[in-house]
Amino acid sequence: MINEKREESFMELMNDMNYRGKMGKLVYYTMNGKTFVRRVRIPGKKRKPRTTKQKELSGRFGMAQKMYSFYRETISPDIWRLAGKAVGRRGNMLFVSVNSGCFEADMGIASPETFRFSEGELLLPWGMQVEALGSGRFRVTWTDERELATAAANDRLKVGVFYPGTPKGVYWAEDMSGTRGDGCGEFRIDTNLDAEAHVYLFFAREDGSAYSPSMHFRLTMND
């Protein structure tokens, strides 16, 4: 019991110090704001076979990391970096911790409804709605009369897209337009890629220094 209390106290100290690194045969690392410890692998020593659950979690974690790399190249290296900086975390780790449950190993995004395309300090406007205009074009409307540091009239509408037929990739919508102050905006998706699309609406500060969380909508080509 005494040893267990000492170990708990030691881990609390590591948490307070936000310690990361190697100490003897132990490696300390941080995940979801908590400090964990694992032993350094000894060469030649056989490891215990991983359970099905461990393999599943590892596969999801690995797929989320791959998606983040794709996201950085095709969408932006700044959105999750800025969100992570605001909470004292690396952007890739925040992305993985928020979204890892949405992935399946080697399959990509398995739960697009819960996938968070963006994160940040800006506020989403009220009452966002999407209306089909035809030929893959859509109109977005909202209500927002706030003029704050986190909700400026010149914040620009952004639209990310996920096509179920390409589960390992996310993309920008085309022809995006509209600012928060306009109360409306438009975008276009590629109707040739899939029969449906999941879109993620969010806002970006005019200079790209801040973003809002995303809001999900499912669209079909019949919309």
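The values are calculated or read from the model by the stated rules, or taken from the named source; none is laboratory data. None of the values given here were measured: they were computed from a predicted structure. Cβ atoms come from the backbone with ideal geometry, glycine included; neighbour counts cover every protein chain shown.
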### Message
Can you tell me how many residues within region 176-196 are crowded, with 20+ Cβ neighbours inside 10 Å and in contact with an Asp or Glu (Cβ under 8 Å, 6 or more places away or on another chain)?
### Response
4
### Task
From A149, A153, A173, grab the single residue that is closer than 25 Å to D207 by Cα, among the small types (G, A, S) and buried (at least 17 other Cβ atoms within 10 Å of the Cβ).
A173
### Message
Within region 123-138, take every residue that is crowded, with 16+ Cβ neighbours inside 10 Å and assigned to a loop (DSSP other than H, G, I, E, B) and give me the one that is modelled with the lowest pLDDT.
### Response
G136
### Total residues in region 139-157, condition under 26 Å from V98 (Cβ atoms) and either modelled with pLDDT of 95 or more or out of contact with any Phe, Trp or Tyr (no Cβ under 8 Å at 6 or more places or on another chain) (or both)
11
### Query
How many residues does region 82-121 contain that are in a loop (DSSP other than H, G, I, E, B) and crowded, with 21+ Cβ neighbours inside 10 Å?
6
